[in-house]
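Visitor: The structure's right below; bear with me while I get my questions together.
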Amino acid sequence: MSDILPLDVVGRRVEVNGEFATVRFCGDVPPVAGLWLGVEWDNPERGKHDGSHEGTMYFKCRHPTGGSFVRPNKVNFGVDFLTALKKRYVLEDGSDDDGKSYSLKVGSKQVQTVGFDNITKKQSQLRALQNISLWKCAVSHAGEQGRIAEACPNIRVVNLSKNLLSSWAEVVLIAEQLNNLEVLDLSENKLQFPSDSPTPTGTFSNLKILVLNKMGITWAEVLRCAPSWPVLEELYLKSNSISISERPVNVLQKMRLLDLSSNPAIDENQLCLIAYLPRLEHLLISDIGLSSIHFPDAGIGCKTSMFPSLQYLVVNDNQISEWSFINELDKLQSLQALSCTRNPLTEGDKSEEIIIAKIGQLKTLNRCQILPEERRGAELDYRKTFGNEWKKAGGHPDPDKNRPNAEFLLAHPRYELLCCKYGAPEDEELKTQQPFMLKNQLLTLKIKCSNQAEQKVLEKQLPDSMTIQKVKGLLSRLLKVPVSELLLSYESPKMPGREIELENDLQSLQFYSVENGDCLLVRW
């Protein structure tokens, strides 16, 4: 805290009693004498007014209670990068460290920061630092030009999240002194971006991972800065209220991962604007309110030219309720992994089996590997489940008579392929489908993890016709354990002390005489 105000105080980021704000006004506020700062709080509940006092508007706030007047000596304007670094690592003002190293997550990478045991109080040893975290260290500016490069030239990973940086220009002044910078986290800094080309060429020439979560950055600002990130591979833009307004042209062409989660203004039409990024492999779009997606360039059974390299898609916590969404995903030519949890569509018991059957090239669903036997079981079940519907729509085992209508093919674009793969469903086969769903065929079973004492005993209702393979698939997703590691057996109150192995994955619970009240034993 200081009575000396920095230059250009309006627009500066400040901290007051642990709360963050932006200075919107500096001057007198009659009738109270003395200098006041008008601040707009990040947390609008912290304020008292909208920037006005006794009928006079001194500054404007986005929220009616977002503003306050505070004395300058109550405000923390922050420190320069090197001062914060020395305090955090060299501990010139006394050690508040416990001597350990710390694990730090920056984007999708886990890095190890250096603790007190690995660095002395001598400034020269700052040169050894490569991975640093200055999270919430009140960094507001670069400091004297050249001092960062002189003191710590080998830094590669920097976490500057939740600091007091006010402008992109100040970030540039820091970054241009870190020639080896590969990973940078600026989350929760409210930065002002220039309207023209903002960054000298070469400043971010080695930057591969950039985290810009919760900053209020716009898509136009991202594209304006993007030319200075020539080798960027991962970009995190979570929780920014971003709306994708234009295609990235000649920028972000090497980007492999893009996180747009928790940006509710993004819809399927906007996603089309990023659909031709040539190297995009991972797309994270959880919690954006997405309910539909469509690739208009590809018909039934064809592959789209959009998202050509996309392998991993995350659409958790959205509003997906129609199977047409999953049908469209089968058009993606490179998709191998999908995470689709907490959507209306996935609330059903057999939703994961249907997804597996509908997306032929999928290898991982909700972080669980899809084994060949699980895929085979899912596709055979799908073929049976919709067999009667297929026949009513004009499907027939005789290829010369097989003419399912367009409506059925639109709803089940892979069904004909599954019939070619396994043969068309026979009438007798379809008759056995009905009892599968009857309540009197459900077994209430306890599920006990024999070698995991901390795991609670579960209770599930399973069809007696369910194969051991399907039971393992269910338990794999439930327990987050690969199917290949699971061993199943059961015990019955009718045969105390005896344990029966369920060793044949293709047989059903009924085959092994599993009954109501029995206990499945799971080991891995």
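The values are calculated or read from the model by the stated rules, or taken from the named source; none is laboratory data. Treat the numbers as computed from the prediction; the structure is a model and nothing was measured. A quick note on method: Cβ atoms are made from the backbone with ideal geometry, for glycine too, and the neighbour counts reach across all protein chains shown. Calculation scope for accessible area: heavy atoms of the full protein, side chains included, ligands and nucleic acids excluded. Shrake-Rupley method; radii C 1.70, N 1.55, O 1.52, S 1.80 Å.
Visitor: Taking the residues in the range 203-214 that are open to solvent by less than 50 Å² (accessible area, probe 1.4 Å) and of a type outside the set (S, T, N, Q) as candidates, determine which candidate is farthest from Ser133 (Cα to Cα).
Guide: My answer is Phe204.
Visitor: A further question on this structure: If you scan the range 322-365, which residues turn out to be within 26 Å of Leu462 (Cβ to Cβ), at pLDDT 95 or above and among the polar types (S, T, N, Q)?
Guide: Ser339, Thr341, Asn343, Thr364
Visitor: Could I ask something else about it? When residues of the range 1-54 are filtered for being of a type in the set (A, V, I, L, M) and not in a loop (DSSP other than H, G, I, E, B), how many remain?
Guide: The qualifying residues number 10.
Visitor: Hey, could you check the range 470-522 for residues that are of a type in the set (S, T, N, Q) and not in a strand (DSSP E or B) and say which is farthest from Leu443 (Cα to Cα)?
Guide: Looking at the filtered set, the residue picked out is Ser484.
Visitor: Please indicate, with yes or no, whether at least one residue in the range 180-187 is outside any strand (DSSP E or B), within 19 Å of the chain's Cα centre (by Cα) and assigned by the TED database to the domain that holds Leu284.
Guide: Checked against the condition, which is being outside any strand (DSSP E or B), within 19 Å of the chain's Cα centre (by Cα) and assigned by the TED database to the domain that holds Leu284, the range 180-187 yields at least one hit.
Visitor: Another question, then. Is it the case, given these coordinates, that Phe59 is part of a strand (DSSP E or B), under 40 Å from the mean Cα position of the chain (by Cα) and of a type in the set (A, V, I, L, M, F, W, C)?
Guide: No, not satisfied.
Visitor: Please specify each residue of the range 191-228 satisfying the condition of being β-branched (Val, Ile, Thr) and under 21 Å from the mean Cα position of the chain (by Cα).
Guide: Ile209, Val211, Ile217, Thr218, Val222, listed by residue number.
Visitor: Residues of the range 237-283 being touching an Asp or Glu at 6+ places or on another chain (Cβ under 7 Å), within 19 Å of Ile209 (Cα to Cα) and open to solvent by less than 40 Å² (accessible area, probe 1.4 Å), which ones?
Guide: Leu237, Met255, Leu257, Ser261
Visitor: Filter the range 150-174 for residues that are closer than 20 Å to Tyr236 by Cβ and part of a helix (DSSP H, G or I) and give the result.
Guide: Passing the criteria: Trp168, Val171, Val172, Ile174.
Visitor: For the range 86-101, give me each residue that is among the hydrophobic types (A, V, I, L, M, F, W, C) and either at pLDDT 95 or above or in a loop (DSSP other than H, G, I, E, B) (or both).
Guide: Leu91
Visitor: Just checking, does the range 459-478 include any residue being over 20 Å from Asp349 (Cα atoms), among the acidic types (Asp, Glu) and open to solvent by 30 Å² or more (accessible area, probe 1.4 Å)?
Guide: no
Visitor: Among the residues of the range 437-455 satisfying the criterion of being under 12 Å from Val522 (Cα atoms) and open to solvent by 30 Å² or more (accessible area, probe 1.4 Å), which is modelled with the lowest pLDDT?
Guide: Ala453
Visitor: Another question, then. I'd like the residue in the range 359-370 that is open to solvent by 20 Å² or more (accessible area, probe 1.4 Å) and in a strand (DSSP E or B) and, out of all such residues, is farthest from Leu474 (Cα to Cα).
Guide: Checking each candidate, the answer is Thr364.
Visitor: Would you please name the residue that is surrounded by the most Cβ atoms within 10 Å (Cβ to Cβ), looking only at residues in the range 479-500 that are under 40 Å from the mean Cα position of the chain (by Cα) and more than 23 Å from Arg375 (Cβ to Cβ)?
Guide: Tyr490
Visitor: Could I ask something else about it? What number goes with the only condition from (1) closer than 29 Å to Val483 by Cβ; (2) not in a loop (DSSP other than H, G, I, E, B) that Leu409 does not pass?
Guide: (1)
Visitor: Determine, yes or no, whether Asn388 is open to solvent by 40 Å² or more (accessible area, probe 1.4 Å) and within 28 Å of Asp427 (Cβ to Cβ).
Guide: Criteria met by Asn388.
Visitor: Hey, another quick one. Assigned by the TED database to the domain that holds Leu129, open to solvent by 40 Å² or more (accessible area, probe 1.4 Å) and either touching a residue at least 60 places away in the same chain (Cβ under 8 Å) or within 16 Å of Val251 (Cα to Cα) (or both): does that describe Pro194?
Guide: So Pro194 fails the test.
Visitor: Looking at (1) open to solvent by less than 90 Å² (accessible area, probe 1.4 Å); (2) part of a helix (DSSP H, G or I), can you tell me which one Cys420 breaks?
Guide: All conditions pass for Cys420, except number (1).
Visitor: Lys401 fails exactly one of the following numbered conditions: (1) without any contact (Cβ under 8 Å) to a residue 60 or more places away in the chain; (2) open to solvent by 40 Å² or more (accessible area, probe 1.4 Å); (3) in a helix (DSSP H, G or I); (4) farther than 26 Å from Leu462 by Cβ. What is the number of that condition?
Guide: Going through (1) without any contact (Cβ under 8 Å) to a residue 60 or more places away in the chain; (2) open to solvent by 40 Å² or more (accessible area, probe 1.4 Å); (3) in a helix (DSSP H, G or I); (4) farther than 26 Å from Leu462 by Cβ one by one, Lys401 breaks only (3).
Visitor: In the range 215-225, what count of residues is obtained for those that are in a helix (DSSP H, G or I) and either buried (at least 21 other Cβ atoms within 10 Å of the Cβ) or out of contact with any Leu (no Cβ under 9 Å at 6 or more places or on another chain) (or both)?
Guide: 6
Visitor: Is there any pair with a first residue in the range 26-40 that is under 14 Å from Thr56 (Cα atoms) and a second that is open to solvent by 50 Å² or more (accessible area, probe 1.4 Å) and outside any strand (DSSP E or B) whose Cβ atoms are under 6 Å apart and which are 6 or more apart or on different chains, and what are they?
Guide: Gly38/Tyr58
Visitor: Within the range 344-358, is there a residue that is in the same structural domain as Ser262 (by the TED database), hydrophobic (A, V, I, L, M, F, W, C), part of a loop (DSSP other than H, G, I, E, B) and farther than 18 Å from Leu258 by Cβ?
Guide: No; the residues of the range 344-358 include none that is in the same structural domain as Ser262 (by the TED database), hydrophobic (A, V, I, L, M, F, W, C), part of a loop (DSSP other than H, G, I, E, B) and farther than 18 Å from Leu258 by Cβ.
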